[in-house]
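Okay, so here's the structure we're looking at.
The values are calculated or read from the model by the stated rules, or taken from the named source; none is laboratory data. If you're wondering where the values come from, they're calculated on a predicted model, not measured in any experiment. Every residue, glycine among them, receives a Cβ derived from its backbone with ideal geometry; neighbour counts consider all protein chains shown. Heavy atoms of the whole protein, side chains included, go into the accessibility calculation; ligands, DNA and RNA do not. Shrake-Rupley method; radii C 1.70, N 1.55, O 1.52, S 1.80 Å.
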Amino acid sequence: KVGPVKTGDPIALVGNTGYPACSTGAHLHFEIRRNNQWINPGDFLKSKTVSDNQNGGSTTIGNGSWEWPIEGDIIVTQHYGQTPYSWRYTYSGGIHTGIDMYSYTSDVIRAPKDGTLYSASQDCGGAVIKIKYIDHGEGVISFYLHVQ
């Protein structure tokens, strides 16, 4: 347990922990679970037009009230759900459990909503993934993977 955070507080930096087994480059894997079930983070984030590396062009993601965890022009490399690479995720039944993103203008990850911040790590194919997560209450926890 790290302690309480407010919306906008810096919590970590975008990283590449878990490389090479579980990360292919510096990015933020942003995930939300409600009652320990993966749900689409876009349902929580404010609407934002982002560059879409998965499908090409740009797309608008978000229909919630939370701030985005990174600032600037955001590039999404993999969406939540069925993706061209999600077949690899046997732990989740073949869905990508979050949104993978990065920004050229900022590596600072900020709390998108108030809560209690925690720090953890997880083995992945012999590499270690560093993780931050925020308990927002009411069974909602946001996860930030591959952080520095």
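Going by the structure shown, is THR77 outside any loop (DSSP other than H, G, I, E, B), without any contact (Cβ under 8 Å) to a residue 24 or more places away in the chain and either within 20 Å of VAL14 (Cβ to Cβ) or touching an Asp or Glu at 6+ places or on another chain (Cβ under 8 Å) (or both)?
Spelling it out, it is not the case that THR77 is outside any loop (DSSP other than H, G, I, E, B), without any contact (Cβ under 8 Å) to a residue 24 or more places away in the chain and either within 20 Å of VAL14 (Cβ to Cβ) or touching an Asp or Glu at 6+ places or on another chain (Cβ under 8 Å) (or both).
Cβ-Cβ distance below 9 Å, separation of 6 or more or different chains: which pairs start in region 120-148 with a residue that is on the phi > 0 side of the Ramachandran plot and end on one that is open to solvent by 10 Å² or more (accessible area, probe 1.4 Å) and among the charged types (D, E, K, R)?
Listed by first residue and then by second, the contacts come to GLY137/ASP114; GLU138/ARG34; GLY139/ARG33; GLY139/ARG34; HIS146/ASP100; HIS146/LYS130.
Exactly one of (1) crowded, with 18+ Cβ neighbours inside 10 Å; (2) touching a Gly at 6+ places or on another chain (Cβ under 6 Å); (3) under 15 Å from ALA26 (Cα atoms) is unmet by ALA127. Its number?
With (1) crowded, with 18+ Cβ neighbours inside 10 Å; (2) touching a Gly at 6+ places or on another chain (Cβ under 6 Å); (3) under 15 Å from ALA26 (Cα atoms) applied to ALA127, the lone miss is (1).
Going by the conditions given, is GLY42 open to solvent by less than 80 Å² (accessible area, probe 1.4 Å) and assigned to a loop (DSSP other than H, G, I, E, B)?
no
Scan region 86-102 residue by residue and report those that are surrounded by 15 or more Cβ atoms within 10 Å (Cβ to Cβ), of a type in the set (Ser, Thr, Tyr) and touching a residue at least 40 places away in the same chain (Cβ under 8 Å).
Within region 86-102, THR97, TYR102 meet the criteria.
If GLY64 meets every condition in (1) assigned to a strand (DSSP E or B); (2) in contact with a Leu (Cβ under 7 Å, 6 or more places away or on another chain) apart from one, which number is that one?
(1)
Just one of (1) at negative phi; (2) open to solvent by less than 50 Å² (accessible area, probe 1.4 Å) trips up TYR19, so point out which.
(2)
Being touching a Phe, Trp or Tyr at 6+ places or on another chain (Cβ under 9 Å), among the hydrophobic types (A, V, I, L, M, F, W, C) and not in a strand (DSSP E or B) is the filter here; which residues of region 1-39 pass it?
Selection gives VAL2, VAL14, ALA26.
If the requirement is being open to solvent by less than 50 Å² (accessible area, probe 1.4 Å), of a type in the set (Ser, Thr, Tyr), closer than 28 Å to THR49 by Cβ and not in a strand (DSSP E or B), which of these qualifies: THR83, THR105?
THR83
I need the full set of residues from region 22-39 which are of a type in the set (Ser, Thr, Tyr) and either farther than 16 Å from TYR102 by Cα or open to solvent by less than 80 Å² (accessible area, probe 1.4 Å) (or both), in order please.
SER23
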